1. For Y38, project a label point 7 Å along Cα to C-beta. Then give me every residue of the range 91-107 with its amide nitrogen under 19 Å of that point.
2. Please compute the length gained on full extension between F66 and R116, using 0.36 nm multiplied by the number of residues separating them and subtracting their Cα-Cα distance.
3. Roughly what would the spin-label model give for S28 and S86, points 7 Å off Cα along C-beta, in nm?
4. Between L95, G113, A136, whose Cα lies farthest towards the positive end of the dipole of the range 49-136 when Lys and Arg beta carbons carry +1 and Asp and Glu beta carbons carry -1, centred on the Cα centre?
5. Using each residue's phi in the range 102-118, evaluate 6.51 cos²θ - 1.76 cosθ + 1.60 at θ = phi - 60° and report the 3J(HN,Hα) Karplus result to the nearest Hz, with x for Gly and Pro.
6. Just grab the label-to-label distance for R126 and L74, each label 7 Å out from Cα along the Cβ direction, in nm (one decimal).
Amino acid sequence: MSSDWVPVATTAIGALAGFGGGWITSRSTLAREREARYQQRKSEAYIELLANISLRYEAVSCLIPFRVRHSTQLVLPAQVSPPEPSATGRVEALLAAYGSPRMRDELYPSWKGALRQLESFADRLRDEDLELEPLAPQYREACRKAEQEMAAQIRSELASPVLE
């Protein structure tokens, strides 16, 4: 009779192990699902960010005339409407929520600074009749370079992890 407890104990241990293994598996599955949702939101936030900054750049850039090839005539590009301030605010909120520290603290502020310089140049060009040629490409290039650095960072952050 002293061995009657062995099958009961074995069954109880097996049940506990099964329950514990199932619990651990479900926690792991929940963590993976949570991470997948976070990555999806981050991806959507970055897409919205890139669309917003591209439109903001185009809206400022179209204020700067360009010289027609083989002519002295200056022409303004087709006008582009900037995004609504609320859209820019939304992008900045998404960046604060999902952006990496490098995107939030370094790359996006750098791009905003380059855009402010381009806007300032466009304002001065209009108000003070500045010489166009030597400065316009420099400011445009600074914006484009900052945008390319952000895009490279986004590609790096959203790259599929290597399966081990």
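No value in this document is a laboratory result; all are computed from the given coordinates. The model shown is predicted, which means the values in this text are computed figures rather than measured ones. Reconstructed Cβ throughout: ideal geometry from the backbone, glycine too, with neighbour counts over all protein chains shown.
1. Those under the cut-off are 93-105.
2. This chain segment gains 16.1 nm when fully extended.
3. Reported label-point gap for S28 and S86 is 4.6 nm.
4. The Cα lying farthest towards the positive end belongs to L95.
5. Values, residue by residue: 5, 5, 5, 9, 10, 6, 5, x, 5, 5, 4, x, 5, 5, 4, 5, 5 Hz.
6. Once both label points are built, they end up 1.3 nm from each other.
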